[in-house]
Amino acid sequence: MELFLKILGVAASAYLLGSIPSSFIMAKMLKGIDLREHGSGNLGAANTFRILGASAAVPVLIIDIGKGFLAVKLVSLAGIENFAFIALAALMAIIGHNYSVFVKFSGGKGVGTTTGAFLAIVPVAVVICIAIWLIILLVTRIVSVASIAASIALPLAVIASRYYLGRDTDILAVVLSVIVTVVVVYKHRSNIRRLRNHEEKRIF
């Protein structure tokens, strides 16, 4: 019973933290609009940038990254050392961001929150993925392509951190990275359709 309550507590708190709809709140505060009705309709930093500009998108991105980072760190602060709970918190924060209870289970695509969660778990892997994201973005000028490429690279970056960079990384981190990659790519399915039809917009 105690284990069940611990699992429930970690899952619920991480989900609610991840569910904070930062872009939705920002759009309401600055323009009084529902961001889901503008641009791509996505509640993420990229759509915030398109509709509200960098001054709004940067805080949104920082908050989204912070949600993932804090969800993981709170598990450690609670004195729970079992990595399974850390992985659960990371996954639930990402799910919360993607399917927020506060905005009728809509949300973003999880890139920022994933970045924050893995920044707390395997920071070296995040640095590798950010570098890949930046290079792809500069070459293609398409955020979705950069995000998909970086997410696909995440499991490889985690494995590299585990086996080649001498990092003490739990094998569950590799499993988590694969699951998260599937989630992020799935959330980009509309972007993939637009890419196939040559309709995906460039960021600048």
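Take SER76 and tell me if it is closer than 24 Å to ILE142 by Cβ, polar (S, T, N, Q) and either in contact (Cβ under 8 Å) with a residue 12 or more places away in the chain or in a helix (DSSP H, G or I) (or both). Give the steps one after another, and end with the answer.
Working: closer than 24 Å to ILE142 by Cβ: no; polar (S, T, N, Q): yes; either in contact (Cβ under 8 Å) with a residue 12 or more places away in the chain or in a helix (DSSP H, G or I) (or both): yes.
So SER76 does not fit the description; no.
Using beta carbons and a limit of 6 Å, which pairs, at least six apart or on different chains, have the first residue in the stretch 22-39 and in contact (Cβ under 8 Å) with a residue 12 or more places away in the chain and within 16 Å of LEU61 (Cα to Cα) and the second one of a type in the set (Asp, Glu) and surrounded by 16 or more Cβ atoms within 10 Å (Cβ to Cβ)?
The qualifying pairs are SER22/ASP64.
Return the residue satisfying two criteria in turn: it lies in the stretch 117-169 and is part of a helix (DSSP H, G or I), in contact with a Lys or Arg (Cβ under 8 Å, 6 or more places away or on another chain) and hydrophobic (A, V, I, L, M, F, W, C), and of such residues it is modelled with the lowest pLDDT.
VAL124
State whether the residues of the stretch 108-122 include one that is surrounded by 16 or more Cβ atoms within 10 Å (Cβ to Cβ), more than 15 Å from GLY68 (Cβ to Cβ) and touching a residue at least 40 places away in the same chain (Cβ under 8 Å).
Applying the first criterion (surrounded by 16 or more Cβ atoms within 10 Å (Cβ to Cβ)) to the stretch 108-122 yields 108-122.
Adding the requirement that they be more than 15 Å from GLY68 (Cβ to Cβ) leaves none.
Among the residues of the stretch 108-122, not one is surrounded by 16 or more Cβ atoms within 10 Å (Cβ to Cβ), more than 15 Å from GLY68 (Cβ to Cβ) and touching a residue at least 40 places away in the same chain (Cβ under 8 Å), which makes the answer no.
Is the stretch 141-162 home to any residue that is at positive phi, touching a helix residue (DSSP H, G or I) at 6+ places or on another chain (Cβ under 7 Å) and not hydrophobic (A, V, I, L, M, F, W, C)?
No.
Out of the residues in the stretch 73-110 meeting the condition of being within 13 Å of the chain's Cα centre (by Cα) and among the aliphatic types (A, V, I, L, M), tell me which one is farthest from LEU35 (Cα to Cα).
ALA89
Could you please find all residues in the stretch 32-69 being in a loop (DSSP other than H, G, I, E, B) and buried (at least 19 other Cβ atoms within 10 Å of the Cβ)? Spell out the reasoning first.
Initial filter on the stretch 32-69 (in a loop (DSSP other than H, G, I, E, B)): 32-34, 38-44, 53.
Once the filter is applied, which keeps residues that are in a loop (DSSP other than H, G, I, E, B) and buried (at least 19 other Cβ atoms within 10 Å of the Cβ), the stretch 32-69 yields SER40, ASN42, LEU43, GLY44.
With SER147, SER161 as the choices, which residue is within 15 Å of LEU195 (Cα to Cα) and surrounded by 23 or more Cβ atoms within 10 Å (Cβ to Cβ)?
Only one candidate passes the filter, namely SER147.
The values are calculated or read from the model by the stated rules, or taken from the named source; none is laboratory data. All figures in this text were calculated on a predicted structure; none of them were measured in a lab. Neighbour counts are summed over all protein chains in view; Cβ atoms, including those assigned to glycine, are modelled from backbone coordinates with ideal geometry.
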